[in-house]
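The values are calculated or read from the model by the stated rules, or taken from the named source; none is laboratory data. This is a predicted model, so every value here is computed, not measured. Here the Cβ positions follow ideal geometry from the backbone for every residue, glycine too, while neighbour counts run over all protein chains shown.
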Amino acid sequence: MCLLVLGVYACGVQPAPSPLLVMSFNIRYDNPDDAPNDWTHRKDSLAALIRTYSPDLLGTQEVLHQQLTDLKERLPEYEAYGVGRLDGRQQGEYAAILYRRDRFSVEDAGYFWLSDQPEVAGSMGWDAACERIATWLILQDEKTSRRIFLLNTHLDHVGGEARKRSAELIKSRLNRLAQGLPVIVMGDFNAAPTDPVYRMMTDETDPLSLRDTRLEVKQPEGEEGTFHNFARLVASDRPRIDYILKNQYLETLHQEHIATDRGAVCLSDHHAVLACLIYR
């Protein structure tokens, strides 16, 4: 679909821009109790889905260290960056970012905990039920010679105050780290579009406002909800809680939610989110 849209540019006077294909994917942590949807039975198919779409940039949530190792073995075209949220090394879930090694080089990188002690490994914030982390990169796009800021996170599923304060912290870090750069913020926000956190992140009156890629295209694809709980929820009960947001230096050409609940084994309990972007 991204290439079809770019064909319009190619037929005009201006050269076709180089698209950025971006994916956000909560892959569900490795839990044997999920059988028959446990990691052993879905890791190959999940990696195959990623390979089919071949995103340039991939933000993952709920990834344990062995799962990240499994993905890197199956997707050798990607480099990965991130740490476990429990100790800042390998323990606990990662919010890892994968990027194509043939297109990007890293200029700067980091991570912080979503708490009032963001540099303290394993710190918990406010009314959160779990430790939460955000991972960020500043990448040099070798195809376009542009620099881009990317942040991937997973907000708390229980604490409303934690989600709000986490969003404030993320916006503060954007202001510090990403001034003047194209910005992508993605992840599982555990918040529907009606939630104050979503409205805070996409507030058009705020100079740091981000824009929801799904709302920027006339015909986004895939069902609206992104969390299906291994197909246990009917379509009308599936909330949209996974997002790819971006700032004014990027334009959205295409957006879709990729189904992961087809077949005898679900690839995850969330659909993947995909967006095709170009630089402005």
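How many residues does the range 156-166 hold that are surrounded by fewer than 19 Cβ atoms within 10 Å (Cβ to Cβ) and outside any helix (DSSP H, G or I)?
Of the residues in the range 156-166, 2 are surrounded by fewer than 19 Cβ atoms within 10 Å (Cβ to Cβ) and outside any helix (DSSP H, G or I).
State yes or no: is N175 buried (at least 18 other Cβ atoms within 10 Å of the Cβ), under 16 Å from M201 (Cα atoms) and among the polar types (S, T, N, Q)?
Answer is no for this residue.
For the structure I just gave you, tell me whether E131 is in contact with a Leu (Cβ under 8 Å, 6 or more places away or on another chain), in contact (Cβ under 8 Å) with a residue 24 or more places away in the chain and either buried (at least 21 other Cβ atoms within 10 Å of the Cβ) or farther than 12 Å from N152 by Cα (or both).
Criteria met by E131.
Given Q67, Q61, which one is surrounded by 15 or more Cβ atoms within 10 Å (Cβ to Cβ), of a type in the set (S, T, N, Q) and in contact (Cβ under 8 Å) with a residue 60 or more places away in the chain?
Of the residues listed, the single one that is surrounded by 15 or more Cβ atoms within 10 Å (Cβ to Cβ), of a type in the set (S, T, N, Q) and in contact (Cβ under 8 Å) with a residue 60 or more places away in the chain is Q61.
Look at G12 and say whether it is within 26 Å of T144 (Cβ to Cβ), modelled with pLDDT under 95 and not aliphatic (A, V, I, L, M).
yes
State the number of residues belonging to the range 184-201 that are within 19 Å of E256 (Cα to Cα) and either surrounded by fewer than 19 Cβ atoms within 10 Å (Cβ to Cβ) or touching a residue at least 60 places away in the same chain (Cβ under 8 Å) (or both).
Number satisfying all stated conditions: 7.
Among the residues that make up the range 72-90, is at least one of them over 28 Å from R147 (Cβ atoms) and surrounded by 17 or more Cβ atoms within 10 Å (Cβ to Cβ)?
There is no residue in the range 72-90 that is over 28 Å from R147 (Cβ atoms) and surrounded by 17 or more Cβ atoms within 10 Å (Cβ to Cβ).
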